[in-house]
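Note sheet for the following structure.
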Amino acid sequence: MNDLLRKKDLETNPTPRVPICLCLDVSGSMNRIVGGQTRDTGRKAFIDGREWNIVEGGVTALREMIGGVNLFYDNLLEDEVARFAAEVCVVTFGGSANLVIDFANLDRQEGTRQQKISNLTAQGETPMGEAVNMALDCLEARKDEYKEAGVDYYQPWLVLMTDGEPNGSEAEFNRAVSRTNALANNRKLTIFPIAIGEEADIDCLAKFSPRRPPLRLKGMNFKEFFEWLSQSVSRTSQSMPGDTVKLDTEGIKGWAEL
Amino acid sequence: MGGTLNTEWKSICCAVQGRGHAKKNLPCQDKVARLEENGVQVIALADGAGSAALSHYGAQCVVNRATAFIGDRFFDLIAQEDGRSVTLEILNVILQALKDEAELHDCALKDLASTLLIAAVGDGKFFLAHLGDGVIGYLNEDGLKVASIPDNGEFSNETVFVTSANAAARMRIFKGALKNISGFILMSDGSEQSLYNKRKKTLAGAVKRLMHRTCLIDGEILMPQLEEALSSVVASNTQDDCSVAILARTSAQLPPLDALPMSERQELFQIRGSHALRKVSKEISCCDKICELLKRPLTLRQVARRLYVKRLHAKKKLRRLLKAGVIRKDNHCYETVSC
C-alpha cells in the first residue's frame, strides 16, 4: 500500500473493450467433408442450392470452424489484457439468422460458451444479409451500452465467414451491404470477409468491405486464421490514443490468399 | 505584465512509464513541466501519440515551450477577450517549436504529435488550456470539480493532437478569478484510469490528498513519493504511461499543518504509535512547536534557543521534520513548508 494514494480513494474504470462479432455460415453446405475417412452411402441430397453425395464419417467444414472459434476464445482467455478487453458475439446463418452468443465479458460467457459453439449444426440456406444486419444491430446495441456505462471501446470488428453465396432476402442483403460500407468508409467498423473453400462467392463478400478485399482461407486453415485474429485483438486491446493498429499482413499469408 | 509574487501556490509534476511501453522497451511518452516566473506559476502535461515514433521528444518540447510561453505572456493572454486568437497564438508558438524540433531529429511534424494540458495562476487569476485526452480538474470550496473532460473520438485509441489539422477548433481554453479555488490537476489518460470516474465524470478522492500533500510537503521529499505512487498504484491499472501535474495552495479544503487533526499531523511527522501514549503525544507536540516556530525562517541556533534545548537535540528534531518534508532548509535557515 502506498502512503500517498490509498486504494479506497481511487476509481476503477472498466478496461476499454474491443467488441468482435463473428458472423458464421452454418448453412447445409458447411456439412461438406473436408478431411478424415468417409464411406459413400450411395445416397444424394439437394441441400443449400446444390446436390450432394451423402457419406458417413469424415470431418466437416463446420467442425473445423468450431475448432477454430474455440481456439480463438482460448487464446483470448490466456492473454492478460485481451481477456478483459475482448467481447465476442456469435451470429450464425443457416436457414435463418441466429444470435448464438450475445456480447459479454469472456469470463462471463465461459460457462455456456463451449456447449453453445459445439452444438452448432449446419442446415438450411444462406441468409447472409439477415445475419450481417443482426450482427450490426448487436454491435450498435453493445456500443450504446458502453456509452451508457462510461466504458471506452475500440473500433468494432465484424468477421464474416461463408463457404457459399447468399440466398436470403435480396433487400436484406442490400441493406447489410450499404450499412457495412457506410460504417467501414467512416472508419466505424473493421470488417474481415473470409471465404471458406473454392466455392465461396468472393464477389458477394467483397460488396461488404470497401476498404479491405475478402480473403480466401487456404484449405481449411481455420485454426491459423483464428490464431491470427486473437493476436490482432490482443494488439488492439493494448493500443493507446493515437496508435494506429496495423494488421499483421505477413501473418495473413500463412492462412489466406488475397 | 505585472502581478505580485505568487509564492503561496505550490506545484509538482511527475510522469512514469506505463507497463505497455516497458514491455516493448519504448520510452515514456508522457511529459510534464512546471515553471514559476514573474509571479506566475504554470504546469503543463503532454501525452505523446503512440503512433508517432518520436512523440517523447515532441511531448517534452511541447511542455517546455508551453510553460515558457504562458509564464511569459500570462497576463496578456488573460486580458484578451478573443479566445480564438489566444488559442491560435499558443498553437502557433508550439508548432514553431515543434518545427525546430522536427529539424533537429530530421523527422516529420506528425512524428512529434502529442496532446497538451496547461494550468497557470497569477495575481488572483487562472488560465487553463486543453487539447486531446486527459483531464483538467480543480478544487474549490465545494470540493473537487472537473474543468475539462477528455476529448476522445468515439473509439478508445482516437484523440486530437497539437499537430492535428483541427487542433485550433478543438482546443479548449478557460480563464477567470481564482476566488476560492485552491487546486488544479492535469492528468494524462493513463492516470485517468485511477483518478477519474469516466461514467460519472468526477475526480477520485485521491486527487484532493495529492493536492493537500503538495501544499504540506516539500517538493523534493514529495517527488519520490509521487513517483512511487504513480508507478506502483496508478500504472498498475493501465498499460499506458501515467502522469500528473498539480498546482495547490492551502485553504479551508486544504488546511495548513496547524489546522489538521492530531492523527493527520502524526502521519505527516511520521511518528509511529498510538497518540494516546504520552511519549507519542509529547513527540507530536514538540514537532507542532517547531513547525509553529518555523513559520518564519530560523537557524539551528535560533531553534535550539527557542526550544531551550541543546543544538544537538534540536538538530535531531529538525532532521526528522526535514525527512518528513514538512519543513525545508534553505541556506542555514529552516522553514515550515505550509504556513
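Of all residues in the stretch B:217-265, those being under 30 Å from A:P16 (Cβ atoms), aliphatic (A, V, I, L, M) and away from chain A (no Cβ under 12 Å) number 2.
Have a look at B:A235, B:A229, B:A324, B:A248 and point out the one that is closer than 30 Å to B:D142 by Cα, aliphatic (A, V, I, L, M), under 24 Å from the mean Cα position of the chain (by Cα) and surrounded by fewer than 21 Cβ atoms within 10 Å (Cβ to Cβ). Being closer than 30 Å to B:D142 by Cα, aliphatic (A, V, I, L, M), under 24 Å from the mean Cα position of the chain (by Cα) and surrounded by fewer than 21 Cβ atoms within 10 Å (Cβ to Cβ) holds for just one of B:A235, B:A229, B:A324, B:A248, which is B:A324. Look at the stretch A:177-189: where a residue is more than 22 Å from A:R17 (Cβ to Cβ) and a partner is buried (at least 19 other Cβ atoms within 10 Å of the Cβ) and small (G, A, S), sitting 6+ places away or on another chain with Cβ atoms under 8 Å, you get A:V177/A:G129.
One line per residue, one yes/no per condition, for (1) assigned to a strand (DSSP E or B); (2) within 15 Å of the chain's Cα centre (by Cα); (3) not β-branched (V, I, T):
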| site | (1), (2), (3) |
| --- | --- |
| A:F84 | no, no, yes |
| A:V88 | yes, yes, no |
| A:V91 | yes, yes, no |
| A:R108 | no, no, yes |
| A:T112 | no, no, no |
| A:L120 | no, yes, yes |
| A:A135 | no, yes, yes |
| A:R142 | no, no, yes |
| A:Y146 | no, no, yes |
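Residue by residue, here is whether (1) outside any helix (DSSP H, G or I); (2) among the charged types (D, E, K, R) holds:
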{"site": "B:V63", "(1), (2)": "no, no"}
{"site": "B:R73", "(1), (2)": "no, yes"}
{"site": "B:T87", "(1), (2)": "no, no"}
{"site": "B:I90", "(1), (2)": "no, no"}
{"site": "B:I94", "(1), (2)": "no, no"}
{"site": "B:D100", "(1), (2)": "no, yes"}
{"site": "B:E103", "(1), (2)": "no, yes"}
{"site": "B:K110", "(1), (2)": "no, yes"}
{"site": "B:F127", "(1), (2)": "yes, no"}
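For the stretch A:192-208, a residue qualifies if it is outside any loop (DSSP other than H, G, I, E, B) and in contact (Cβ under 8 Å) with a residue 12 or more places away in the chain, and the qualifying residues are A:F192, A:P193, A:I194, A:A195, A:I202, A:C204, A:L205, A:A206, A:K207, A:F208. Sort out which residues of the stretch A:21-73 are within 25 Å of A:W228 (Cα to Cα) and charged (D, E, K, R), and write them in order of number. Result: A:D25, A:R32, A:R63, A:E64. Does at least one position in the stretch B:13-25 carry a residue that is under 26 Å from B:Q225 (Cβ atoms), of a type outside the set (D, E) and in a loop (DSSP other than H, G, I, E, B)? For the stretch B:13-25, residues under 26 Å from B:Q225 (Cβ atoms), of a type outside the set (D, E) and in a loop (DSSP other than H, G, I, E, B): present. Exactly one residue out of B:D100, B:D72, B:D142, B:D133 is of a type in the set (D, E) and modelled with pLDDT under 95: that is B:D133. Selection of the stretch B:168-200 for residues being within 12 Å of chain A (Cβ to nearest Cβ), under 18 Å from the mean Cα position of the chain (by Cα) and part of a loop (DSSP other than H, G, I, E, B) yields only B:S188. The requirement of being β-branched (V, I, T), within 24 Å of B:V121 (Cβ to Cβ) and within 11 Å of another protein chain (Cβ to nearest Cβ) is fulfilled nowhere in the stretch B:152-167; no residue meets it. Only a single criterion out of (1) within 25 Å of A:L136 (Cβ to Cβ); (2) more than 14 Å from chain B (Cβ to nearest Cβ); (3) in contact with a helix residue (DSSP H, G or I) (Cβ under 7 Å, 6 or more places away or on another chain) is not satisfied by A:R32, namely (1). Residue count for the stretch A:1-25 satisfying the condition of being within 16 Å of A:A195 (Cβ to Cβ) and either within 11 Å of chain B (Cβ to nearest Cβ) or of a type in the set (A, V, I, L, M, F, W, C) (or both): 3. Of B:L322, B:L318, all but one fail to be touching a strand residue (DSSP E or B) at 6+ places or on another chain (Cβ under 8 Å) and either assigned to a strand (DSSP E or B) or farther than 18 Å from B:K282 by Cα (or both); the exception is B:L322. Among residues of the stretch B:133-152 that are assigned by TED's automatic domain parsing to the domain that holds B:M187 and at positive phi, those with a beta-carbon under 7 Å from a residue that is at pLDDT 95 or above and part of a strand (DSSP E or B) at least six positions away or on a different chain give the pairs B:G134/B:L45; B:G134/B:D47; B:G134/B:L117; B:G134/B:L186; B:G134/B:M187. Among the conditions (1) free of Cβ contacts under 8 Å to residues at least 24 places away in the same chain; (2) in contact with a Lys or Arg (Cβ under 8 Å, 6 or more places away or on another chain); (3) within 27 Å of A:V132 (Cβ to Cβ); (4) among the hydrophobic types (A, V, I, L, M, F, W, C), A:L5 misses just one, which is (3).
Here's a check for you: in the stretch B:26-52, which residue that is outside any strand (DSSP E or B) and more than 30 Å from A:V81 (Cβ to Cβ) is nearest to the other protein chains (Cβ to nearest Cβ)? Don't jump to the end; show me each part of the working.
From the stretch B:26-52, those outside any strand (DSSP E or B) are B:26-29, B:38-39, B:49-52; that's our starting set.
Checking the rest, the ones that are also more than 30 Å from A:V81 (Cβ to Cβ) come to B:38-39.
On the way: B:N38: 31, B:G39: 29 Å.
If we take residues in the stretch B:26-52 being outside any strand (DSSP E or B) and more than 30 Å from A:V81 (Cβ to Cβ), then B:G39 is nearest to the other protein chains (Cβ to nearest Cβ).
Can you say whether B:Q60 is at negative phi, more than 14 Å from chain A (Cβ to nearest Cβ) and under 17 Å from the mean Cα position of the chain (by Cα), as far as the supplied structure shows? Against the criterion (at negative phi, more than 14 Å from chain A (Cβ to nearest Cβ) and under 17 Å from the mean Cα position of the chain (by Cα)), B:Q60 qualifies.
With a cut-off of at least 3 residues that are within 19 Å of the chain's Cα centre (by Cα) and among the hydrophobic types (A, V, I, L, M, F, W, C), name the strands (runs of 3 or more DSSP E) lying wholly within the stretch A:1-64. If you could, list the steps in order and put the result at the bottom.
Details: elements: A:18-25, A:33-47, A:50-60.
Qualifying strands (runs of 3 or more DSSP E): A:18-25.
Count, please, the residues in the stretch B:201-216 that happen to be farther than 24 Å from B:G20 by Cβ, assigned to a loop (DSSP other than H, G, I, E, B) and at the interface with another protein chain (Cβ under 7 Å from one of its Cβ atoms). Here the count works out to 1.
Each row is one residue, and each column tells you yes or no for (1) more than 14 Å from every other protein chain (Cβ to nearest Cβ); (2) buried (at least 18 other Cβ atoms within 10 Å of the Cβ); (3) under 30 Å from B:N197 (Cα atoms).
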| site | (1), (2), (3) |
| --- | --- |
| A:A135 | yes, yes, no |
| A:E148 | no, no, yes |
| A:Y153 | no, yes, yes |
| A:T162 | yes, yes, no |
| A:K188 | no, no, yes |
| A:G197 | yes, no, no |
| A:A200 | yes, yes, no |
| A:K207 | yes, yes, no |
| A:L217 | yes, yes, no |
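Within the stretch B:7-18, the presence of at least one residue that is out of contact with any Phe, Trp or Tyr (no Cβ under 6 Å at 6 or more places or on another chain), aromatic (F, W, Y), away from every other protein chain (no Cβ under 14 Å) and over 24 Å from B:V93 (Cα atoms) is confirmed.
The values are calculated or read from the model by the stated rules, or taken from the named source; none is laboratory data. These figures come from a predicted structure and were not determined experimentally. Using ideal geometry, Cβ is built from the backbone for each residue, glycine included, and neighbour counts are taken over all protein chains shown.
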